[in-house]
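Participant: The structure that follows is given in the form of structure tokens.
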Amino acid sequence: MGEIFNRNLAALKRHPATFHLVNGFAPRFSPEKYQIESAKNGQPTLILREEGASPLTFHSRYNPEIEAEKQVAAGYDGQTHILLLGFGLGYMAEQILKQCKTRVGGAQLFVVEPDPAVFIAAMHARDISSLLADTGVALCVGMNPDEIGDFWNANLDWTVLERLAVIDYPPAKTRFNAYFERVVEKIRYLCNRSKGNLVTLMHSGFEFHSNYFANLAAGFSLPGVARLFGQFKNVPAIIVAAGPSLDRNMHLLRDIKGKFPIVAVDTALRQLVANGIKPDIVCAADPSYENSLDFVGVENETDVVLAIEPMTHPDIFNSFKGPKMLMTFGGGLHTICKDLREPVGTLVCWGSIATTVFDLVRNLGCDPIVFIGLDLSFQDGRLHARGSYSDDILFEKIHPFTSIEHESADYINTRGRYKLVRQDGKILYTDENMKLYRDWFEDQFRQTSAKIINATEGGVVDKYVEIMPLAAVIEKYADCAVPVRSIIDEALSRPVQADVKALRERLMHYRKLIRRNESDARRAVSVCRRLLNTCAAQLPAQLSGKASAEYYDVMKLHDEICIHKDIFAWFSIHQTRFITRHTMELNNLKASQRATVGDWIKEVVSFFAALESFHEYQMPLLEGAIASLGRADESKSSLEGDLSR
């Protein structure tokens with residue numbers, strides 16, 4: 001290996017995945033196929049010579065650098081983040097870094113190169129060590145689109161993503177057009193999800209967090225759905241969503257009750273029970289009070305297992321009399337509970353409870369997975385199956401001068417702005433949320449090893465699925481029946497391993513930390529006022545003596561509060577808007593060479609003000625949870641004492 005390659009390889013260690021790929025691939029690199037030649041101005045250019053194909057020139061034969069400058073100027077307009085599709089010899093990537101004036105911290109330029117040999121050619125031909133060492137660069141070399149999506153999620157700080165530029169490198173696009181289309185589809189989907197997650201936190205973060213604490217004692221000692229994982233391998237399962245087509249075929253579920261697992265979304269429970277059908281499991285995870293109304297009238301269904309996430313509205317926890325199993329999305333208080341109890345069972349949630357039901361059934365090991373009621377569109381001029389609370393909302397709007405049909409049509413005309421054409425040519429309308437859910441399902445179906453059958457008999461989900469009427473599904477898989485109820489009962493019957501006392505002691509420790517933070521923050525605010533009065537115009541590096549010590553003590557307190565993984569996570573949920581803005585402001589201050597003591601202190605004072613508001617909100621939640629866990633521990637100890645006598 002040459003000197004240039006070795007220098008680049010040393011810098012590449014910052015990118016472990018690509019470093020290992022290059023080390024493994026380099027011995028097989030073919031310089032005869034990937035030829036390096038000199039352009040007129042002496043800069044290297046790359047020519048691909050494949051048998052049976054015309055040579056493909058990757059760069060200008062006159063001036064590759066000027067060519068790259070023009071290509072970047074045509075596609076880049078100051079966006080904070082860039083997705084570069086193709087690397088070549090790195091000229092475009094270098095130009096992007098030159099033109100990217102806003103540095104927000106973390107990866108900003110994501111380079112996607114599907115052909116490792118092209119990247120290795122660049123490492124042989126040019127000194128790109130500065131590019132590889134830049135902390136704003138992230139490399140996706142030789143990855144498939146799903147791996148790139150995972151890499152994007154792991155390496156992007158989406159709180160600072162303002163605008164994204166997608167820039168094509170023409171020679172690479174010529175070779176891998178379908179691949180790059182799939183990458184762009186994946187990234188756009190993930191961007192929409194991240195945006196949706198942030199909006200959800202801003203609007204519902206209080207509900208999530210408050211419900212976690214309110215439900216902590218009731219949920220901590222429940223058996224987890226993990227007990228059911230893998231217990232229904234190669235058994236068909238029916239997922240019941242609440243789309244309007246459900247009215248057509250749900251009566252057929254009576255024929256398979258007790259033979260195949262029937263797992264329903266909470267919105268469908270009322271109409272199923274009203275039609276004499278009791279699903280084996282119903283899933284609930286919505287934190288809102290409105291969602292709890294889906295259980296009005298079906299609270300006493302003791303033959304139905306409720307799989308419930310701790311952020312669900314407490315009324316559902318308290319009112320439902322049937323057996324319960326705990327599931328988790330991995331957030332909230334799960335991080336402080338998981339080492340104190342048996343596994344819960346972590347599931348995916350992507351905006352709709354139907355996504356969670358699908359992931360639960362997937363974890364059960366079921367195959368095939370059969371959907372009914374998954375319309376994700378306005379089928380037959382309706383929004384939901386008759387009988388759901390969501391449908392009841394429209395009935396409440398009816399007065400002598402309107403009708404349910406008019407209210408439905410008004411909603412659809414207002415929201416149903418997406419026209420989708422199914423593979424059979426039928427045109428249906430949907431809204432933005434349901435279109436996103438459809439994209440999510442189809443993306444997940446493509447990655448799922450089990451067969452997916454859509455027996456909805458309507459709707460817009462028709463990719464990566466087999467379309468089949470429910471009656472035909474039941475007939476085809478009639479011989480695959482298992483004793484569903486006995487399998488579930490066995491999972492429910494075993495004692496739950498959960499240390500209630502240890503969890504209560506942990507919360508008491510957090511209460512102590514928060515009280516200490518309150519005291520420290522009050523003292524820090526007084527120091528900040530003094531610093532603003534005496535040295536606001538100075539740069540931090542110009543401070544000395546007592547002022548310097550006080551300034552850096554304040555900044556240290558700020559950083560210590562931010563690095564506490566549990567308490568800061570709670571703070572971020574309560575103050576999502578502030579933390580999002582605060583992160584951006586800190587990045588701007590770090591990037592500025594002229595940021596004064598006053599600039600920093602004003603931002604930190606706003607941080608302490610938000611922290612005080614969080615403390616006022618958090619302490620009653622902690623006190624309530626500690627008290628309820630104390631009662632639960634006493635009850636458990638009393639029961640164990642009775643059993644021992």
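The values are calculated or read from the model by the stated rules, or taken from the named source; none is laboratory data. None of the values given here were measured: they were computed from a predicted structure. Neighbour counts run over all protein chains shown; Cβ positions are idealised from the backbone, glycine included.
Listed here are the residues, each with its yes/no results for (1) surrounded by 23 or more Cβ atoms within 10 Å (Cβ to Cβ); (2) in contact with a Phe, Trp or Tyr (Cβ under 6 Å, 6 or more places away or on another chain); (3) farther than 30 Å from PRO469 by Cβ; (4) outside the structural domain of ALA478 (by TED's automatic domain parsing).
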site	(1), (2), (3), (4)
LEU216	yes, no, yes, no
LEU246	yes, no, no, no
LYS257	no, no, no, no
LYS278	no, no, no, no
VAL282	yes, no, no, no
GLU290	no, no, yes, no
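Participant: Look at ILE573 and say whether it is surrounded by 17 or more Cβ atoms within 10 Å (Cβ to Cβ), farther than 18 Å from SER526 by Cα and not acidic (Asp, Glu).
Facilitator: Details: surrounded by 17 or more Cβ atoms within 10 Å (Cβ to Cβ): yes; farther than 18 Å from SER526 by Cα: yes; not acidic (Asp, Glu): yes.
Criteria met by ILE573.
Participant: Take the residues in segment 20-36 that are outside any loop (DSSP other than H, G, I, E, B) and touching a residue at least 24 places away in the same chain (Cβ under 8 Å); name whichever of them is nearest to MET143 (Cα to Cα).
Facilitator: So in segment 20-36, the residues outside any loop (DSSP other than H, G, I, E, B) come out as 20-28, 34-36.
Of the ones still in play, those that are also touching a residue at least 24 places away in the same chain (Cβ under 8 Å) are 21-22, 25-26, 34, 36.
On the way: LEU21: 10, VAL22: 13, PHE25: 14, ALA26: 16, TYR34: 20, ILE36: 24 Å.
Here the residue is LEU21.
Participant: Within segment 58-79, how many residues turn out to be surrounded by 14 or more Cβ atoms within 10 Å (Cβ to Cβ), more than 12 Å from VAL118 (Cβ to Cβ) and not aliphatic (A, V, I, L, M)?
Facilitator: Adding up the residues that qualify gives 11.
Participant: Taking only segment 329-360 into account, find how many residues are in a helix (DSSP H, G or I) and either more than 19 Å from the chain's Cα centre (by Cα) or farther than 19 Å from CYS283 by Cβ (or both). Talk me through it step by step, then tell me what you get.
Facilitator: We begin by selecting, within segment 329-360, every residue in a helix (DSSP H, G or I); these are 334-340, 353-360.
After this cut, where a residue has to be either more than 19 Å from the chain's Cα centre (by Cα) or farther than 19 Å from CYS283 by Cβ (or both) as well, the list is 335-340.
The total comes to 6.
Participant: Report whether or not LEU83 is under 21 Å from ASN8 (Cβ atoms), of a type outside the set (Val, Ile, Thr), out of contact with any His (no Cβ under 6 Å at 6 or more places or on another chain) and modelled with pLDDT under 95. Talk me through it step by step, then tell me what you get.
Facilitator: On the way: under 21 Å from ASN8 (Cβ atoms): no; of a type outside the set (Val, Ile, Thr): yes; out of contact with any His (no Cβ under 6 Å at 6 or more places or on another chain): yes; modelled with pLDDT under 95: yes.
No: the conditions fail for LEU83.
Participant: Output the residues belonging to segment 115-140 that are farther than 23 Å from THR57 by Cβ, part of a helix (DSSP H, G or I) and not polar (S, T, N, Q).
Facilitator: Residues satisfying the conditions are LEU132, ALA133.
Participant: Residues of segment 294-328 being hydroxyl-bearing (Ser, Thr, Tyr) and assigned to a loop (DSSP other than H, G, I, E, B), which ones? Reasoning before the result, please.
Facilitator: Looking only at segment 294-328, we keep the residues that are hydroxyl-bearing (Ser, Thr, Tyr), and these are 302, 312, 319, 328.
Selection gives THR302, THR312.
Participant: Go through (1) more than 33 Å from the chain's Cα centre (by Cα); (2) surrounded by 15 or more Cβ atoms within 10 Å (Cβ to Cβ); (3) more than 20 Å from ARG522 (Cα to Cα) one by one and return the number of the condition ARG631 breaks.
Facilitator: So the condition that ARG631 fails would be (2).
Participant: Test each condition in (1) in contact (Cβ under 8 Å) with a residue 60 or more places away in the chain; (2) farther than 30 Å from LEU586 by Cβ for GLY75 and report the one that comes out false.
Facilitator: (2)
Participant: Also, I was wondering about something else. State which residue is modelled with the lowest pLDDT when the search covers only segment 42-52 and only residues that are assigned to a loop (DSSP other than H, G, I, E, B) and touching an Asp or Glu at 6+ places or on another chain (Cβ under 8 Å).
Facilitator: ARG49
Participant: Would you call ASP489 among the acidic types (Asp, Glu), modelled with pLDDT of 95 or more and closer than 25 Å to GLU612 by Cα?
Facilitator: no
Participant: Moving on to the next point. Mind listing whichever residues of segment 560-571 are farther than 11 Å from PHE607 by Cα and either among the aromatic types (Phe, Trp, Tyr) or assigned to a helix (DSSP H, G or I) (or both)? Break it down into steps so the answer makes sense when it comes.
Facilitator: Taking segment 560-571 first, the residues farther than 11 Å from PHE607 by Cα are 560, 563-570.
Within segment 560-571, GLU560, ILE563, ILE567, PHE568, ALA569, TRP570 qualify.
Participant: Is there any pair with a first residue in segment 141-167 that is assigned to a loop (DSSP other than H, G, I, E, B) and a second that is surrounded by 18 or more Cβ atoms within 10 Å (Cβ to Cβ) whose Cβ atoms are under 6 Å apart and which are 6 or more apart or on different chains, and what are they?
Facilitator: GLY142/LEU21; GLY142/PRO116; LEU161/HIS81; ARG163/GLN79
Participant: Here is a list of conditions, (1) assigned to a helix (DSSP H, G or I); (2) within 31 Å of the chain's Cα centre (by Cα); (3) loosely packed, with under 15 Cβ neighbours inside 10 Å; (4) not hydroxyl-bearing (Ser, Thr, Tyr), and LYS98 meets all of them except one; can you say which number that is?
Facilitator: (2)
Participant: Out of curiosity, is PRO469 more than 34 Å from the chain's Cα centre (by Cα), in the same structural domain as LEU306 (by TED's automatic domain parsing) and either at positive phi or touching a residue at least 40 places away in the same chain (Cβ under 8 Å) (or both)?
Facilitator: No.
Participant: If you don't mind, there's one more thing I want to ask. Output the qualifying pairs, or none if there are none: Cβ atoms under 7 angstrom, residues six or more apart or on different chains, first residue in segment 544-569 and touching a residue at least 12 places away in the same chain (Cβ under 8 Å), second residue of a type in the set (D, E, K, R).
Facilitator: LEU557/ASP520
Participant: Assess whether LYS590 counts as being in contact (Cβ under 8 Å) with a residue 60 or more places away in the chain and more than 21 Å from TYR212 (Cα to Cα).
Facilitator: yes
Participant: Moving on. Against the definition (of a type in the set (Asp, Glu), modelled with pLDDT under 75 and farther than 25 Å from GLY224 by Cβ), how does GLU405 come out, yes or no?
Facilitator: yes
Participant: While we're on this one: For residues in segment 53-87 being under 32 Å from the mean Cα position of the chain (by Cα) and assigned to a loop (DSSP other than H, G, I, E, B), which is nearest to GLU185 (Cα to Cα)?
Facilitator: If we take residues in segment 53-87 being under 32 Å from the mean Cα position of the chain (by Cα) and assigned to a loop (DSSP other than H, G, I, E, B), then GLY86 is nearest to GLU185 (Cα to Cα).
Participant: Quick one: in segment 31-47, of everything that is touching a Pro at 6+ places or on another chain (Cβ under 7 Å) and surrounded by 14 or more Cβ atoms within 10 Å (Cβ to Cβ), which residue is nearest to LEU89 (Cα to Cα)?
Facilitator: Within segment 31-47, the first condition is being touching a Pro at 6+ places or on another chain (Cβ under 7 Å), and the residues that meet it are 36, 38-39, 43, 45, 47.
Narrowing the set further to residues that are surrounded by 14 or more Cβ atoms within 10 Å (Cβ to Cβ) leaves 36, 39, 43, 45, 47.
Working: ILE36: 10, ALA39: 13, GLN43: 10, THR45: 7, ILE47: 11 Å.
Among those that are touching a Pro at 6+ places or on another chain (Cβ under 7 Å) and surrounded by 14 or more Cβ atoms within 10 Å (Cβ to Cβ), it is THR45.
Participant: Answer yes or no: is there a residue in segment 527-550 that is within 34 Å of the chain's Cα centre (by Cα), of a type in the set (A, V, I, L, M, F, W, C) and more than 30 Å from TYR437 (Cβ to Cβ).
Facilitator: no
Participant: If you don't mind, there's one more thing I want to ask. Anything in segment 448-460 that is closer than 29 Å to ASP150 by Cα and modelled with pLDDT of 90 or more? List them, or say none.
Facilitator: Once the filter is applied, which keeps residues that are closer than 29 Å to ASP150 by Cα and modelled with pLDDT of 90 or more, segment 448-460 yields THR448, SER449, ALA450, LYS451, ILE452, ILE453, ASN454.
Participant: Does VAL141 satisfy the condition of being crowded, with 20+ Cβ neighbours inside 10 Å, touching an Asp or Glu at 6+ places or on another chain (Cβ under 7 Å) and β-branched (Val, Ile, Thr)?
Facilitator: Yes.
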